[in-house]
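Encoded as structure tokens, the structure appears first; notes follow it.
The values are calculated or read from the model by the stated rules, or taken from the named source; none is laboratory data. Source: prediction; values computed, not measured. Cβ placement follows ideal geometry from the backbone for every residue including glycine, while neighbour counts extend to all protein chains displayed.
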Amino acid sequence: MKFFLALILIPSSLWAQRNLTQIPSTNPTDQMASFNVAEGFEISLFASEPMVHKPIQMAWDARGRLWVASSAIYPQIRPGQTQNDQILVLEDTDEDGKADKRTVFYEGLFIPTGIWPQDGGAYVANSTELWFIHDRDQDGKGESHEVLLSGFGTEDTHHILHGIKGGPDGNLYFNQSVYIHSHIETPFGVRRLMGSGIWQFQPQTGRLEVFTLGQINPWGHVFDNWGQSFTTDGAYGEGINYAFPGATYRCLPDQLPRILKGMNPGQPKQCGLEVISGRHFPDEWQGNMITCDFRGHRVNRFSLGDEKSGYRSQQLADLVSSSHGSFRPVDVNMGPDGALYLADWYNPIIQHGEVDFRDPRRDQLHGRIWRITAKNRPLSPRVNFAKLSVDDLFKQLLAPEQSTRYWAKQEIKSRKLPDLKEAIVTLLKTDALSDSLRCEYLWAAQTAGIEDFVWFRSQFWDRAQTAVDGKLRAAIVRTFHQLIRNHGTMVMGINDTSRDAFFLTLCRDPHPRVRLEAVNLLRTVATPRTIEIATTVLAQEMDENLDFALWRSCYEQSSTWLPAFQAGQISFTENSQGLLFALKAANQSNAAALLLDVVEKNQLAPEQLAELMKIIGSTIDQANLNRLFTLALDAKYSPTLRAQALQAMITAQQQRSLIPEQTERLLPLLDDSATANAAIELAGLWKIEAARAKLESLASSSTSSSDISLLSIARLGGPAAEAFLNHHLKPSLSQEKQASTLQAMILLDSAKAAPLTVDFLSKLQAESSASGSLIQAFLSLKEGPAQLTNALTGKKLQLAIASQALQKASASGGDTKDLINAITVAGGLTPITSLTEAEMRTWIEEINKSGNAARGETIYRRLELQCIACHAIGPVGGIVGPNLVSIGSSAPMDYIIDSLLEPAKKIKEGYATAMITTKDGATHTGFLAREDEREIVLRDNAGKMQTIPAAQVSKKEVIPVSLMPAGLTHSLRRDELADLVKFLTELGKDGAYKVQEDGTLRHWQSFQNETQSLALTAWVDGSIELKEVPVIQLLGKPKRKLESAFEMPKDGTVTLAIDAADNARIEFNGQELFLQEGKISQPLKAGRHTLRLLIPEPSNARPRVRLLDATAKPIHE
């Protein structure tokens, strides 16, 4: 049952949810009774049908009206149906907390997924276009629309242009998702985004630029008080993401070789995002992020804190949770009264890609807006911006409500003040002006369209040099970035020497966030000298964000700076660290010679040299290959470095078929223990006939080189190879050695090897990695499945072997129907069929009556099932299949049952199977992890990465096959399957199977002896079952040894609660510490720290460890 859940969230028969009989009451009162609201808050209904239905996005305007994009057509228009989606405007005219006026602003739209009211009308995302709908008489009804931008993709209706958001800098931001390919003509040229990302749009000029790349389905974007961006992803679980210009996240495939990660790995998919601000909410809520777990019927809360150039995010207790199956919060906004408003899509069924568009239970009538207020606290004052004087508008920039400050800046813009610059200069002269207010003045100027770089520098940057905190300076550099991107460096009004000196000042700023903004700016300038300047940030402390931003600059601009360096135009003087970083990031063939220069000097640490060798192997050209070969042969270099050089040549041969001259010079290295394995592999790849005798000798030995030697003999080929392998394959060999020999025979002649392989498999009693590799070897060959099918005729396989073969065959993606049938017969397996509706109802009744989630978790954790290897539940587990953290709260029981039986009927975005056919006829399947002009990277159903040189690819296609194999439930008894399904249906629901980020250490290392360990995942409740941990001898006594780790972002004291470990020896970084009332507190330096538990036998404890400090974070990998 290996990888049995690889796509459990999404494969489903079209009628899977038609058996959903527990449709919740549509009465809003009944729904409100299901809510659990955080202490000190209350929830009320602001609007429901018929006033509003199917809200997708909402936004408040300057007049305190709520605008709602509504679609009853989603997910697909029916034949003959009128295109009549709407933009609605809701008002609370008597300010009693309930909408009492509804106006249809515009109708006749087609799935509008974004709305932002501003500039005398509204910006609307309407399918493939960005519209501006005019309301010239301001009566709340649009008269006409103007297409501002067109050419956004429409491949998937829940990925189209969506989520419009006004930024404090005066720009508009909106998103598109992974399946969308957009080609937009703008006044400044064509802009393209081939996949997911966030756009930035300047309304005054019509300039459109890509702000960030990636995220599977970005559907939430908000700004903090300093203009920094944070996002959420509706189809990938990493919680809150810190976003900055050029930031790149997971995509399909990844758009760059490197990506960033979110701050809360293991989170459910989240939609919509808001930052709490204003007088109505308590102080401890200010700056918190609120987002919607639409699958789990919850509204999540996160706190943020500064961490070097970026931030850290900590999940807090939910603001709202509900047991109502149709509660689907999709958007969240702070209102003009300081209350928090939720847009409830309201639907018992979610997902249109996996569930029938026409499923009769898909709700297209209802929708609600909910209002959350703090008890016994006054509401925020409403502001009539149109009636305020200019002076009073500037005073509103002091308001604690972020929305008030936003609309004050917009009103200032609308006044078109001729003396705005002078007015701001006067305000900036005020004594003791706060940095936050200076930032608001900066944005007021930017919003109004001022683009005078010299003025911004003199009035803001020069005045900000004394600020201890760099947040204001970071915001100013972001403004510089936009000005230089739009107008070039000429806007700076200084010569090149002064320009470079100024850029150098930015890169040397003491605050890391300023340096991050500087690197992003310099990537825009993209001259050889600015890349050289950018690398000076390496002189100060780096972090993941800075490292990524600098890497992307050097990587993308390598065609500019690398030739200039080779020509002597730039020198990286006194910055060898910067040069090395840039060369590694360039990852180009013309950098290989320069990297070899560095390696030959042999002055770097071993780990740095190893990294360089990997890059050289991927980039080296034929001209420099002989030089690399000479290095590998030179005894003055360490054996480790020479072996790494050989490994780099293996990569060069496999990716680009490069072979050096005089290959027989390799022969002496076959006898060198440090280089032997790599040399043996090269002897086969380079087909060095003179190595045959030595390879045969090594293959016949009991050394670790024997298996590699067998494969190299097969690569040499010919009758001699066949004769040797036939002679070598003896029953007296161990199973592992027989399997290795068969692997070589398959490589040499798969047709002749097929019957021998089946004979071998038929004698095995249990599956192993060796048996799996043999099966996979045939599946990767064009004729391999047919050869294996013929060899299976009349043969018998043990259940475990047949199950393993069935898994691999059904997930391979090729034409394996006949092979699957042959495996089924050989193993005596019972074919799996889909259930009738009556059978499904019987199953559901049985599971509800007798299924046991606790027993189900035990089944889920069986090693032979490999569920944990494939899936995560929260932050820990496998990455092959979807995260199951909220499967129970998002999918009905019949949906889960059906997905176990027929996994390939529907494939979720992010989990489609790619099949790559190479020019030699071999096939490779897996998830498409990354693709560029050099290589394609697949992740197979074991989670391993496989790199295929692009030059060897003849065909690439996406196939309707799940990496979750079909027919996997045969190894479970009926009651066991019932328990397993029960466990899955409880995941994510309030109670024992709800996983939240609470500081629990969930990723452990379980030691097999004093030094060797295996990864161990905690149970859903965070505990460790000691039966899963081997007993080993430590100092002559039987004990169990466990290790986990956590990270301190800065120096401080950490406190851990350690349950059920009273008799254990507890060590921090090797130092023994002692529990006091179940806790340990210890001052620690910033960085990674290790916790070790040594538990004596016998023990029936279930230890659980939890960090009690929000600043310390568990390491889950």
Which members of region 935-948 meet the condition of being more than 18 Å from the chain's Cα centre (by Cα) and at pLDDT 75 or above?
GLU935, ILE936, GLN946, THR947, ILE948
Candidate set from region 913-924 (those that are modelled with pLDDT of 80 or more and closer than 22 Å to ILE216 by Cα); member that is surrounded by the fewest Cβ atoms within 10 Å (Cβ to Cβ)
MET915
Among the strands (runs of 3 or more DSSP E) lying completely within region 975-1050, list those that include at least 1 residues that are surrounded by fewer than 20 Cβ atoms within 10 Å (Cβ to Cβ) and basic (Lys, Arg).
1037-1048
Condition check for ARG377: part of a loop (DSSP other than H, G, I, E, B), within 20 Å of ASP94 (Cα to Cα) and either at pLDDT 95 or above or among the basic types (Lys, Arg) (or both)
yes
Given the conditions (1) more than 24 Å from PRO528 (Cβ to Cβ); (2) hydrophobic (A, V, I, L, M, F, W, C); (3) in a helix (DSSP H, G or I), and given that LEU604 satisfies all but one, which numbered condition is not satisfied?
(3)
Given the structure, is LEU667 crowded, with 17+ Cβ neighbours inside 10 Å and not acidic (Asp, Glu)?
no
What pairs come up if the first residue lies in region 304-320 and is under 19 Å from MET542 (Cα atoms), the second is among the hydroxyl-bearing types (Ser, Thr, Tyr), and their beta carbons are under 6 Å apart, counting only those six or more places apart or on different chains?
GLY310/TYR242; TYR311/TYR242
Output the number of the condition that GLY617 fails; it satisfies all remaining conditions of (1) touching a His at 6+ places or on another chain (Cβ under 8 Å); (2) more than 27 Å from THR741 (Cβ to Cβ).
(1)
Residue in region 796-803 that is at pLDDT below 85 and within 16 Å of LEU977 (Cα to Cα) present:
no
Helices (runs of 4 or more DSSP H) enclosed by region 472-583 - at least 1 residues per element that are over 23 Å from GLU611 (Cβ atoms) and among the hydroxyl-bearing types (Ser, Thr, Tyr):
496-507, 512-525, 528-534, 558-566
What about GLN351, is it closer than 24 Å to LYS165 by Cβ, modelled with pLDDT under 95 and either in contact with a strand residue (DSSP E or B) (Cβ under 9 Å, 6 or more places away or on another chain) or not in a strand (DSSP E or B) (or both)?
no
Output yes when any residue across region 458-478 is in contact (Cβ under 8 Å) with a residue 60 or more places away in the chain, of a type in the set (D, E, K, R) and closer than 26 Å to GLY305 by Cα, and no when none is.
yes
Considering only residues of region 676-701 that are modelled with pLDDT of 95 or more and assigned to a loop (DSSP other than H, G, I, E, B), which is surrounded by the most Cβ atoms within 10 Å (Cβ to Cβ)?
ILE688
All but one of (1) among the acidic types (Asp, Glu); (2) modelled with pLDDT of 95 or more; (3) within 27 Å of ARG78 (Cα to Cα) hold for GLU155, so report the exception by its number.
(2)
Would you mention how many residues in region 1051-1062 are surrounded by fewer than 18 Cβ atoms within 10 Å (Cβ to Cβ), of a type in the set (Val, Ile, Thr) and under 15 Å from THR1000 (Cα atoms)?
1
So how many residues does region 618-641 have that are closer than 17 Å to GLN603 by Cβ and among the basic types (Lys, Arg)?
1
Quick check on this structure: which one of THR524, THR505, THR497 is outside the structural domain of ARG207 (by TED's automatic domain parsing) and buried (at least 19 other Cβ atoms within 10 Å of the Cβ)?
THR524
Please work out which residue is nearest to HIS159 (Cα to Cα), limiting yourself to region 203-222 and to residues that are without any contact (Cβ under 8 Å) to a residue 60 or more places away in the chain and surrounded by fewer than 18 Cβ atoms within 10 Å (Cβ to Cβ).
VAL210
Name every residue in region 545-564 that is surrounded by 21 or more Cβ atoms within 10 Å (Cβ to Cβ) and over 22 Å from the mean Cα position of the chain (by Cα), in order of residue number.
CYS554, GLN557, TRP561, LEU562
Go through region 547-572 and count every residue that is of a type outside the set (Lys, Arg) and touching a strand residue (DSSP E or B) at 6+ places or on another chain (Cβ under 9 Å).
1
If SER434 satisfies every condition in (1) under 41 Å from the mean Cα position of the chain (by Cα); (2) touching a residue at least 12 places away in the same chain (Cβ under 8 Å) but one, which is the exception?
(2)
Looking only at helices (runs of 4 or more DSSP H) that lie completely in region 833-895, which have at least 2 residues being more than 27 Å from MET263 (Cβ to Cβ) and in contact with a helix residue (DSSP H, G or I) (Cβ under 9 Å, 6 or more places away or on another chain)?
837-850, 853-860
Tell me yes or no: at least one residue of region 180-200 is surrounded by fewer than 23 Cβ atoms within 10 Å (Cβ to Cβ), closer than 17 Å to PHE244 by Cα and more than 21 Å from the chain's Cα centre (by Cα).
yes
Any hit, region 287-297, residues being surrounded by fewer than 23 Cβ atoms within 10 Å (Cβ to Cβ) and of a type outside the set (Phe, Trp, Tyr)
yes
Within region 917-956, how many residues are farther than 21 Å from GLN653 by Cβ and among the acidic types (Asp, Glu)?
2
